[in-house]
């Protein structure tokens, strides 16, 4: 079974640039748990599209400025 390509993110970097925002503050701002933010930052969980947009908008950037996806073997 093939694993899907990983979604990369810059959530931690964006939090640090945004006045050293805590994981708990980010979680509260977008309506998820701190554990969800931890899992997203560690690449263990891909956020819903809604959460991805909420994170990007909170930081005033586009979704692709926070999240990336690169296909390893393009067709």
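Summary table below
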item: Conditions (1) surrounded by 16 or more Cβ atoms within 10 Å (Cβ to Cβ); (2) closer than 14 Å to residue 21 by Cβ: number failed by residue 60; result: (1)
item: Every pair of residues 6+ apart whose Cβ atoms lie under 6 Å, when the first sits in the stretch 11-35 and is at pLDDT below 95 while the second is outside any loop (DSSP other than H, G, I, E, B) and surrounded by 16 or more Cβ atoms within 10 Å (Cβ to Cβ); result: 18/59
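The values are calculated or read from the model by the stated rules, or taken from the named source; none is laboratory data. No experiment lies behind these values; they were computed from the predicted model shown. Cβ sites come from the backbone with ideal geometry, for glycine too, and all protein chains shown count toward neighbours.
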